[in-house]
Amino acid sequence: MKRAGILNAALSGALARLGHTDELLICDSGMPLPRGVEAVDLAFLPGVPSFAEVLDGILSELVVEAATAAQEVRTANAGCDALLSARLPGLTYVPHEELKRLSHSSRLVVRTGEAQPYANVLLRCGVAF
């Protein structure tokens with residue numbers, strides 16, 4: 001049994017299979033999931049688990065070289081924008097419709113229970129060396 005880190009077996013395994021330049025979408029409970037992309041659905045109740053909890057858990061285990069969020073988060077969800085800006089220096093923004101289109105090339109989608117708008121981020125994996 002794992003002692004620490006992400007305990008969800010499906011998520012832990014999916015993260016371990018990601019490689020350099022692979023993309024991962026962490027999304028709120030309302031984001032449409034792209035067909036054909038592996039998804040780990042963590043949503044339990046509205047707000048549980050939160051986007052922030054899942055983002056922090058994944059960032060503790062994953063090397064990230066780039067991140068993209070919807071530009072609408074800046075005005076519609078200032079708290080999420082502040083969280084993303086603090087955790088992901090160099091964050092870029094695109095229109096929400098473009099983020100949805102970009103999510104189709106993800107290797108993995110992690111759906112949270114987040115119930116606030118535009119709590120979504122596309123992460124590109126980096127390398128640890």
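Can you pull out every residue in region 68-82 that is buried (at least 20 other Cβ atoms within 10 Å of the Cβ) and either basic (K, R) or touching a Lys or Arg at 6+ places or on another chain (Cβ under 9 Å) (or both)? Even if it seems obvious, please write down each step before you answer.
Filtering region 68-82 down to residues buried (at least 20 other Cβ atoms within 10 Å of the Cβ) leaves 68-70, 73, 77, 80-81.
Once the filter is applied, which keeps residues that are buried (at least 20 other Cβ atoms within 10 Å of the Cβ) and either basic (K, R) or touching a Lys or Arg at 6+ places or on another chain (Cβ under 9 Å) (or both), region 68-82 yields T68, A70, D81.
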Completion exercise
Checked G19, G90 against criteria (surrounded by fewer than 17 Cβ atoms within 10 Å (Cβ to Cβ), over 14 Å from the mean Cα position of the chain (by Cα), at pLDDT below 95 and within 14 Å of R124 (Cβ to Cβ)); the one match is G90
Problem - In region 105-123, residue nearest to L11 (Cα to Cα) [restricted to those that are among the polar types (S, T, N, Q) and assigned to a loop (DSSP other than H, G, I, E, B)] - result: T112
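Which one of these is at pLDDT 95 or above, surrounded by fewer than 14 Cβ atoms within 10 Å (Cβ to Cβ) and either over 14 Å from V121 (Cα atoms) or of a type in the set (G, A, S) (or both): S60, S50?
Only one candidate passes the filter, namely S60.
The values are calculated or read from the model by the stated rules, or taken from the named source; none is laboratory data. Everything quoted here is computed from the prediction, not taken from an experiment. Glycine also receives a Cβ, built like all others from the backbone with ideal geometry; neighbour counts cover every protein chain displayed.
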